[in-house]
Amino acid sequence: MSFVERLQACAVFDPAGYLPFSIEGADVGLMRPEFAAHLAEFPAVFDVDADFVRLQPALDHPDVRTQAVDDVLRLLATRGVLSGWREEVYPVAPRPEMRPLMTLERAAVPLFGVWASGVHINGFVRDGSELLMWVGRRSPDKQTAPNKLDQIVAGGRSAAYSIFETVIKESEEEAGIETGLIRYARPVGALSYCTERPEGLRRDVLYLFDLELPPDFVPVNRDGEIAEFMLWPVDRVREMVRDTEAFKFNCALVVIDFLIRHGVLSPDDEADYLAIVHGLHAPR
């Protein structure tokens, strides 16, 4: 196994298998024809063609679009077409940084193949010259990637929160990191990917933060999403990412980025160094 395989797991996508989904003439998503067939039952909301799906132009305001699509999705959920309803909405836009054209129930985001964003925080400790990283194990009850390894904090960004508001919220809920400490989290970049997953097409942007924690800090999960935390030497973290599939697919990318930025991976000791760097930051 290899770091390159971790990158490849986040690039499983054949565009020929998807229909573009547009709003106001702007492409905002990609969906399977099988899901589009369900939407075709609602012609007042969706215009479904063999080559595209678009929201009806008569739905000319974000709030109107949001309500019309939500009504359809709630009905499809009763039929079992959509599962895992969250009562949490994500912004829908051609790119994550652009003005939202509507909002969409989180559970439906992969089915519509729209962009989503989240925050991932690398919590680490220095013990002399040794670097250690806090690793969380996801709850066995999680809908997505149960029991997989994760960052100390990671979470999706809903329409109601800014990026740093999401950092504050998720840090308190997932690891008991209070505002006075999380303000030291340092933004260090972003990663994006487009990959097919069991839940649908994941087109995500992850905003990355590093947080050096005091040696005596111990994370405490408060929302039931993390089963346990481990403080591991960074070399063990590196081996777990490289040699196993223990980390959640996107969390592995975040770790690899951390290893490169902190000099744990170097061009002299990693034959695939250039391929890894390119793969992390290739245009999406």
Task: Every residue from the stretch 113-133 that is out of contact with any Phe, Trp or Tyr (no Cβ under 6 Å at 6 or more places or on another chain) and either under 14 Å from Val205 (Cβ atoms) or not aliphatic (A, V, I, L, M) (or both) - done: Gly113, Val114, Trp115, Ser117, Gly118, His120, Phe124, Arg126, Asp127, Gly128, Ser129, Glu130
Task: Unmet requirement for Val114, which otherwise passes all of (1) in contact (Cβ under 8 Å) with a residue 60 or more places away in the chain; (2) out of contact with any Gly (no Cβ under 9 Å at 6 or more places or on another chain) - done: (2)
Open item on the list: So Glu170 ticks every box in (1) within 30 Å of Glu24 (Cβ to Cβ); (2) in a helix (DSSP H, G or I); (3) touching a strand residue (DSSP E or B) at 6+ places or on another chain (Cβ under 7 Å) but one. Which box is left unticked?
Closed with: (1)
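Within the stretch 211-229, track down each residue that is under 23 Å from the mean Cα position of the chain (by Cα) and open to solvent by 30 Å² or more (accessible area, probe 1.4 Å).
Listed by number, the residues that qualify are Glu212, Val220, Asn221, Arg222, Asp223, Gly224, Glu225, Ala227, Glu228, Phe229.
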TODO: Examine the stretch 133-141 for a residue that is of a type in the set (D, E, K, R), open to solvent by 10 Å² or more (accessible area, probe 1.4 Å), in a loop (DSSP other than H, G, I, E, B) and farther than 20 Å from Val254 by Cα, and state whether such a residue exists.
DONE: yes
Task: For Glu97: the one exception among (1) open to solvent by 10 Å² or more (accessible area, probe 1.4 Å); (2) within 29 Å of Ile260 (Cβ to Cβ); (3) touching a residue at least 12 places away in the same chain (Cβ under 8 Å) - done: (3)
Task: Candidates Arg74, Arg186, Arg126, Arg79 - the one that is in contact with a strand residue (DSSP E or B) (Cβ under 6 Å, 6 or more places away or on another chain), among the charged types (D, E, K, R) and open to solvent by 60 Å² or more (accessible area, probe 1.4 Å) - done: Arg186
- [ ] Being without any contact (Cβ under 8 Å) to a residue 60 or more places away in the chain, more than 20 Å from Met230 (Cβ to Cβ) and within 16 Å of the chain's Cα centre (by Cα) is the filter; apply it to the stretch 145-168 and report the residue that is surrounded by the most Cβ atoms within 10 Å (Cβ to Cβ).
- [x] Val167
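Can you name every one of the strands (runs of 3 or more DSSP E) wholly within the stretch 46-131 that holds 2 or more residues which are within 18 Å of the chain's Cα centre (by Cα), under 22 Å from Phe209 (Cβ atoms) and β-branched (Val, Ile, Thr)?
In the stretch 46-131, 115-127 are the strands (runs of 3 or more DSSP E) which contain 2 or more residues that are within 18 Å of the chain's Cα centre (by Cα), under 22 Å from Phe209 (Cβ atoms) and β-branched (Val, Ile, Thr).
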Open item on the list: I'd like to know if the stretch 223-235 contains one or more residues that are touching a strand residue (DSSP E or B) at 6+ places or on another chain (Cβ under 7 Å) and either under 30 Å from Tyr18 (Cα atoms) or of a type in the set (Lys, Arg) (or both).
Closed with: no
Open item on the list: Please pick out the residue among Ala44, Ala50 that is among the hydrophobic types (A, V, I, L, M, F, W, C), open to solvent by 40 Å² or more (accessible area, probe 1.4 Å), more than 29 Å from Asp14 (Cβ to Cβ) and in contact with a helix residue (DSSP H, G or I) (Cβ under 9 Å, 6 or more places away or on another chain).
Closed with: Ala44
Open item on the list: With the requirement that a residue be within 19 Å of Ser158 (Cα to Cα) and either in contact with a Lys or Arg (Cβ under 6 Å, 6 or more places away or on another chain) or open to solvent by less than 30 Å² (accessible area, probe 1.4 Å) (or both), what does the stretch 195-210 give you?
Closed with: Gly200, Leu201, Asp204, Val205, Leu206, Leu208, Phe209
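The values are calculated or read from the model by the stated rules, or taken from the named source; none is laboratory data. Predicted model, so just to flag it, every value in this text is computed and none were measured. Methodologically, a virtual Cβ is constructed for each residue, glycine included, from the backbone with ideal geometry; neighbour enumeration extends over all protein chains shown. To get the accessible areas, we keep the full protein, side chains included, count just its heavy atoms, and leave off ligands, DNA and RNA. Shrake-Rupley method; radii C 1.70, N 1.55, O 1.52, S 1.80 Å.
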